[in-house]
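Engineer: First the structure, then my questions, so here it is.
Read-outs throughout are calculated quantities, based only on the coordinates presented, and are distinct from any laboratory measurement. Values in this document were obtained by computation on a predicted structure and should not be read as measured data. No Cβ is skipped: glycine too gets one built from the backbone with ideal geometry, and neighbour counts run over all protein chains shown.
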Amino acid sequence: MLIERADVIITSPGRNFVTLKITTSDGVVGHGDATLNGRELSVASYLDDHVAPLLVGRDAHAIEDTWQYLYRGGYWRRGPVTMAAIAAVDTALWDIKAKVAGLPLYQLLGGPSRRRCLVYGHASGKDLPELFDSVREHLEAGFRAVRVQTGVPGLDSVYGVASSAAASVGEPGRYDYEPARRAASPAEESWDTRAYLRHVPSVFEAVRGEFGEEVALLHDAHHRLTPIQAAKLGKSLEPYDLFWLEDVTPAENQEALRWVRHHTTTPLAIGEVFNTIWDYQHLVREQLIDYVRSPITHAGGITGVRRILDYAALYQVKSGMHGPTDVSPVGLAAAVHLGLAVHNFGIQEYMVHSERTREVFGPTHEFAQGGLRPSEEPGLGIHFDEELAAEHPYEPAYLPVNRLLDGSVHDW
Ligand code: CS2
Ligand code: MG
């Protein structure tokens, strides 16, 4: 079974997505997600101009060899663009292999290790009443774990906080804090770390007071703190028993986490911007973190992430794969198959895609009892509607740039 074609499809049903479609000589079709938020066209070009021509005529079953061919053979290793492109090829080939076997993908990855994958949703509000509404909505929708983000007094807008509380979970508008805004250039936001550090503990105290001890609570600091600020935050949140505190420092410096770890018992998660196992080398071996965040879409596909998770398992570190709306339903479906199969699954981020997005991708995984279960259809369980996709052409959209109050650029 040879690869006959590899087509890149860019569609924008509410936000931009890049999808790779591989077709074999027997007419089997597989899909992979290559969406890189705000840099979509560079991955599309990498695939179209440099990878697709190399795939034609290759053995569609040789997944590991194709991964090594694109990773080692490309000479220029790693990086988000390269690893998203490799991820899309890898995921599409796994989709094909599972379809040919007539099995849902998780069966090829070792079969089920659990009944479903626990997920967390995104609750947010600019103040406590709005935040409480959002948490309550999530609990009523069946979530058992929620990420909590709020506005900070004195700041106009804060990353991760919806400005509209009106729409309900999974509806367009509910997640209108979608960070990539449609425009020719990025929006700019402002940030005050001291105000944030003063405010956040009081938010978690209030949420625990209102919703009790059982619900799992998570928080994302989005790489904005220095190690000592992060240590202080982790310590101040200890009474509220977080499931995890995410991305406290910029991710490039693995040593920063050593400082944080020495000061707090709040569990730490990091890695949504990492793209290979090497980014976790010290973090995992020195047990500086509790959860690895790389999504299949950005870290070399199922092959790349499974390798990271096997390494993490040696040190009791679990998965917490990135699952915002900019990971497409194809990337999410792959994550749920892998999550069901691996032993060291921790939690899956689940920021529900809009209705329009779901119409284009036709995912068939199922949400119930606070968790996702993969489709039982052969392959990933995606029904990509190309005609509908073509009705939603690409529109430029960018993540915001973050500035401190003195005007200097800060981490985002
Ligand atoms: C966030 C994301 O989901 C998360 O944890 O950090 O919203 C992230 O900012 C975007 O995916 C960036 O593309
Ligand atoms: Mg994050």
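Engineer: How big is the Kirkwood radius of region 179-223, worked out from every pair of different alpha carbons and given in Å to one decimal?
Structural biologist: That comes to 13.5 Å for region 179-223.
Engineer: Would you mind ranking S202, S42 so that the residue whose beta carbon has the fewest other beta carbons within 10 Å leads the list? Don't skip to the end; give the middle numbers.
Structural biologist: Working: S202 12, S42 15.
Arranged by neighbour count, lowest to highest, S202, S42 become S202, S42.
Engineer: How big is the antiparallel share of DSSP beta bridges in region 117-376, given as a percent to the nearest 5? Please list the in-between numbers first.
Structural biologist: Working: 5 of 24 bridges.
Here the antiparallel bridges make up roughly 20 percent for region 117-376.
Engineer: Dipole of region 11-108, Cα-centred, from +1 at each Lys and Arg C-beta and -1 at each Asp and Glu C-beta, to the nearest 20 debye?
Structural biologist: Numbers: 9 positive and 10 negative charges, 45 e Å.
About 220 debye.
Engineer: Same structure again: Taking every pair of distinct Cα atoms and averaging 1/r, then inverting, what Kirkwood hydrodynamic radius in Å comes out for the chain? Provide the component values of the computation, followed by the final result.
Structural biologist: Values: mean 1/r = 0.0467 Å⁻¹.
This gives a value of 21.4 Å.
Engineer: By how many degrees, between 0 and 90 and to the nearest 10, does the Cα long axis of helix 227-237 differ from the longest principal axis of the chain?
Structural biologist: 70
Engineer: Okay, moving on. Cut-off is 10 Å between beta-carbons; in what order do S157, S319 appear when sorted fewest neighbours first? Before the final figure, lay out each step's value.
Structural biologist: On the way: S157 14, S319 26.
Ranking S157, S319 by Cβ neighbours within 10 Å, fewest first, gives S157, S319.
Engineer: Please list log₁₀ I(q)/I(0) at q = 0.11, 0.15 Å⁻¹ for region 304-412, using the Debye equation with identical point scatterers on the alpha-carbon positions.
Structural biologist: With no solvent term, the Cα-only Debye profile gives -0.49, -0.79.
Engineer: Go ahead and estimate [θ] at 222 nm for the chain from helices alone: -39,500 (n - 2.57) per DSSP H run with n ≥ 4, summed, over the residue count, rounded to 500.
Structural biologist: Numbers: 14 runs with 140 residues, N = 412.
Taking each H run of at least 4 residues, the total per residue is -10000 deg cm²/dmol.
Engineer: Here is a follow-up. What is the calculated FRET efficiency for W76 to D26, with r their C-beta to C-beta distance and R₀ = 25 Å, to the nearest 0.05?
Structural biologist: Values: r = 33 Å, r/R0 = 1.31.
Once the sixth-power term is evaluated, E becomes 0.15.
Engineer: Taking a temperature of 37 °C and a viscosity of 0.692 mPa s, what whole-number D in µm²/s does Stokes-Einstein yield for region 1-112 with Rh from Kirkwood over alpha carbon pairs? Before the final figure, lay out each step's value.
Structural biologist: On the way: Rh = 14.1 Å.
Rounded, D is 232 µm²/s.
Engineer: Put a dot 7 Å past each Cα toward the Cβ at E255 and D156; how far apart are the dots in nm?
Structural biologist: Here the answer is 3.9 nm between the modelled labels.
Engineer: Order by neighbour count: E349, E377, E386, fewest other Cβ atoms within 10 Å first, most last. Write down the numbers at each step before the final one.
Structural biologist: On the way: E349 25, E377 17, E386 12.
Fewest-to-most Cβ neighbours within 10 Å comes out as E386, E377, E349.
Engineer: Any idea which of Y69, G27, G14 is furthest toward the positive side of the dipole for region 3-104, if Lys and Arg beta-carbons carry +1 and Asp and Glu beta-carbons -1?
Structural biologist: Farthest towards the positive pole: G14.
Engineer: Which residue, L197, L340, L217, has the most motion in a Gaussian network model of the chain that connects Cα atoms within less than 10 Å?
Structural biologist: Its mean-square fluctuation being the largest, the pick is L197.
Engineer: Karplus couplings for region 393-407 from phi (6.51 cos²θ - 1.76 cosθ + 1.60, θ = phi - 60°), rounded to Hz, Gly and Pro as x?
Structural biologist: Karplus-based 3J(HN,Hα) across region 393-407 equals x, 4, 10, x, 8, 9, 5, x, 9, 10, 10, 6, 5, 7, x Hz.
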